[in-house]
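A short write-up of the structure that comes next.
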Amino acid sequence: MNFQGIFDFNLRTNLLFGEGSVAKITNVVQKEGFQRVLVICDKGIQQANILTFVTDELERSGAEYVVFSDVEANPTTTNVNHCMEILNRFQPDFLIGVGGGSPLDVAKAVSLLATNGGKIEEYEGIDTFEKDPLPLLAVPTTAGTGSEVTIFTVITNPETEYKLTAGGKRLAPKWAVMDPELTRTLPPHITAATGMDALVHAIESYTSTATYPLTETLALEAIRVISSNLRQAVFNGDNMKARTAMLYGSLIAGVSFNNTRLGNVHAMSHPLSAMYNVPHGVANSVLLPYVMTFNLPAAPEKFVDIAKAMGEYIDPEVSMMENAYTSIKAVERLAKDVFIAKDFSRYHVKKEDIQTMAEDAMKSGNVLVNPRKTRIEDIIALYEETVGESAGNEAQLVTE
């Protein structure tokens with residue numbers, strides 16, 4: 001561990017974690033004196049009756065509330081604008097985001113616009129807004145995004161097919177209620193994809209050039225917890241020990257990368273999601289082994305640590321490099337075991353779009369902290385490996 005220099009650790013969110021913690025929403029609303037609440041979610045949350053966990057608490061609190069449920073996967077500026085129309089009519093003093101990363105990202109964007117005005121496109125970058133966002137409580141229903149503690153929101157502009165990132169320390173939710181019971185009915189394929197997303201967060205945070213001892217400790221623990229519980233959560237959703245562990249692993253991975261940023265996997269996944277609507281977790285999972293292979297020579301000792309955290313045997317009789325490569329095999333085996341597609345052939349990504357995607361990826365600040373210095377030619381080569389015409393697709397998602 002490198003203890004040189006000064007680090008600024010950020011965690012602005014009050015965490016309420018554990019089975020039954022959703023009941024604490026009433027306490028927050030009443031203690032803070034909130035009267036009017038806008039709840040932001042997606043249709044799946046409503047259809048699965050997960051939303052009632054939250055609305056029942058709001059009814060107990062005595063606060064008025066309305067629900068905006070038109071958030072789509074890979075949320076767009078259109079979603080944000082429509083939600084703002086509801087907000088401007090209802091004039092809430094409190095926001096609650098319920099769901100995976102998409103509803104939580106829309107909730108963050110709306111919290112920013114509620115007090116600063118304008119369009120979310122005007123706030124790309126870090127600390128580009130002046131006024132504190134409207135208070136926000138996040139209720140994650142997946143174990144993957146870490147969005148309940150992060151200072152970023154990622155929104156797609158459908159006109160330009162570009163994912164913009166807005167952020168700042170004040171954008172993190174003020175509260176996060178993390179009740180693993182709300183993840184119990186998550187379908188296997190979403191459990192798998194979001195779980196792999198959380199693993200990518202941990203691995204990229206651990207290998208980031210901006211990491212330091214505290215974030216390294218969190219990232220390695222997240223790698224250990226996620227890799228030893230994801231299979232169980234996918235194949236038995238009622239296994240609450242595994243569900244709780246996955247939610248915890250996702251949380252600490254989010255706390256870690258919130259302070260370090262990520263790397264080339266996330267830089268490259270955003271254009272794929274924006275242009276081809278590839279689910280974020282799937283995009284990250286497919287890209288991960290390729291980017292790990294690219295990065296490994298720059299920090300082999302870190303990849304040995306990752307292998308150890310994933311339960312791999314480290315052979316003292318072989319070289320560091322050989323042991324480091326076992327981390328990639330472990331990642332590939334985990335993705336295969338939970339039936340994540342191993343390439344993008346099902347999404348019909350066009351090779352002629354690689355140049356545009358690479359240019360967009362290079363705009364990401366994540367490239368700057370990737371452990372291996374990266375040129376646009378490198379990104380192009382990595383895309384070509386994953387979307388080439390000869391790429392196979394033997395693995396299938398658990399649930400189509």
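Look at region 335-362: where a residue is at positive phi and a partner is modelled with pLDDT under 90 and in a loop (DSSP other than H, G, I, E, B), sitting 6+ places away or on another chain with Cβ atoms under 7 Å, you get Phe339/Ala395; Phe339/Gln396; Phe339/Leu397; Phe339/Val398. Condition check for Ile306 on (1) under 30 Å from Pro187 (Cα atoms); (2) more than 24 Å from the chain's Cα centre (by Cα); (3) modelled with pLDDT of 90 or more: one failure, at (2).
The residue pairs whose first member lies in region 286-308 and is closer than 14 Å to Asn323 by Cα, whose second member is surrounded by fewer than 20 Cβ atoms within 10 Å (Cβ to Cβ) and of a type in the set (D, E, K, R), and whose beta carbons are closer than 8 Å, counting only pairs six or more residues apart or on different chains, are Pro297/Arg372; Ala299/Arg372.
Condition check ((1) touching a residue at least 24 places away in the same chain (Cβ under 8 Å); (2) closer than 22 Å to Leu164 by Cα) across all residues:
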{"site": "Gly44", "(1), (2)": "yes, no"}
{"site": "Ala48", "(1), (2)": "yes, no"}
{"site": "Val67", "(1), (2)": "yes, no"}
{"site": "Asn79", "(1), (2)": "yes, yes"}
{"site": "Leu104", "(1), (2)": "yes, yes"}
{"site": "Ala109", "(1), (2)": "yes, yes"}
{"site": "Lys131", "(1), (2)": "no, yes"}
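Here region 79-126 is the region considered, the condition is being among the small types (Gly, Ala, Ser) and either assigned by TED's automatic domain parsing to the domain that holds Pro279 or part of a strand (DSSP E or B) (or both), and the residue that is surrounded by the fewest Cβ atoms within 10 Å (Cβ to Cβ) is Gly125.
A quick yes/no check of all residues on (1) assigned to a helix (DSSP H, G or I); (2) within 17 Å of Asp105 (Cβ to Cβ):
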{"site": "Thr165", "(1), (2)": "no, yes"}
{"site": "Arg170", "(1), (2)": "yes, yes"}
{"site": "Pro173", "(1), (2)": "no, yes"}
{"site": "Val177", "(1), (2)": "no, no"}
{"site": "Leu186", "(1), (2)": "no, no"}
{"site": "His189", "(1), (2)": "yes, no"}
{"site": "Gly195", "(1), (2)": "yes, no"}
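When Glu359, Glu352 are screened for being in a helix (DSSP H, G or I), assigned by TED's automatic domain parsing to the domain that holds Tyr206 and at pLDDT below 90, only Glu352 passes.
Has region 67-77 got any residue that is among the charged types (D, E, K, R), over 17 Å from Ala138 (Cβ atoms), surrounded by 15 or more Cβ atoms within 10 Å (Cβ to Cβ) and in the same structural domain as Thr142 (by TED's automatic domain parsing)? Spell out how you get there, then give the answer.
Keep residues of region 67-77 that are among the charged types (D, E, K, R), which gives 70, 72.
Narrowing the set further to residues that are over 17 Å from Ala138 (Cβ atoms) leaves 70, 72.
Going one step further and asking which of them are surrounded by 15 or more Cβ atoms within 10 Å (Cβ to Cβ), we end up with 70, 72.
Keeping just the survivors that are in the same structural domain as Thr142 (by TED's automatic domain parsing) gives 70, 72.
Yes, region 67-77 has at least one match.
Residue-wise test of (1) farther than 22 Å from Glu312 by Cα; (2) assigned to a helix (DSSP H, G or I); (3) touching a strand residue (DSSP E or B) at 6+ places or on another chain (Cβ under 7 Å); (4) of a type in the set (S, T, N, Q).
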| position | (1), (2), (3), (4) |
| --- | --- |
| Thr217 | no, yes, no, yes |
| Ala222 | no, yes, no, no |
| Val225 | no, yes, no, no |
| Ala233 | no, yes, no, no |
| Asp238 | yes, no, no, no |
| Arg243 | yes, yes, no, no |
| Met246 | no, yes, no, no |
| Gly249 | no, yes, no, no |
| Gly254 | yes, yes, no, no |
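The values are calculated or read from the model by the stated rules, or taken from the named source; none is laboratory data. Source: prediction; values computed, not measured. Positions of Cβ are backbone-derived with ideal geometry, glycine not excepted, and every protein chain shown enters the neighbour counts.
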